[in-house]
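Below is one structure, written out as structure tokens; the observations come after it.
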Amino acid sequence: TDISDAIDLASLSYSQREGASRVMILITDGEAHDAVALEAARRAAEQGIRIFAIGIGTPEGAPIRINGEFIKDERDEMVVSRLNEQMLTDIAQATGGAYVRASNAAFGLEEIVAEINKIERGELTSQRFDEYDEQFTWLVAIAFALLLLEALLLDRRNPRLRRFNIFRT
């Protein structure tokens with residue numbers, strides 16, 4: 001797990017608008033295979049991002065099963081994932097967020113949402129951009145010109161053109 005890259009990448013998606021509330025929800029076992037996850041959290045805090053962490057797993061660890069089979073490493077040993085609550089707590093505290101441990105009874109998202117709702121609500125705005133690619137402008141212009149030409153050339157609509165016999169033999 002590269003938590004620092006995940007935090008840095010997610011931090012790029014926030015707008016730079018002043019006064020905007022920035023919240024990140026990190027769902028992980030916290031078993032970081034890098035030593036800079038806390039530094040990434042501090043960089044996020046400098047941008048005004050609060051990280052709320054949800055820890056999945058147990059501190060004792062458990063083997064990882066995907067599609068009914070246990071994952072094994074290159075030495076053919078079972079991969080065991082351990083919950084690192086201390087790291088997740090440190091990340092949350094460094095950013096002014098909170099840490100919640102998920103369990104079988106509750107995932108922890110309700111507590112996180114309650115904490116987020118306590119944050120000062122900023123003005124919610126949305127912008128919609130519609131981009132049209134006009135492909136038939138010339139075809140419409142030609143059709144309109146032909147309609148005008150038809151209105152001018154029809155003898156029943158233009159009495160001055162009745163004397164010209166363009167279409168009759």
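The values are calculated or read from the model by the stated rules, or taken from the named source; none is laboratory data. Computed from a predicted model, the values in this text were never measured in an experiment. Calculation scope for accessible area: heavy atoms of the full protein, side chains included, ligands and nucleic acids excluded. Shrake-Rupley method; radii C 1.70, N 1.55, O 1.52, S 1.80 Å.
Using a probe of 1.4 angstrom, how much of the accessible area of the stretch 33-98 is carbon and sulfur, in percent?
48
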Using alpha carbon centroids, what distance separates the stretch 134-154 and the stretch 31-104, in Å?
-> 66
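In Å², what does the accessible area per residue of the stretch 48-95 work out to with a 1.4 Å probe?
Details: 2980 Å² over 48 residues.
With all protein chains present, the stretch 48-95 gives 62 Å² per residue.
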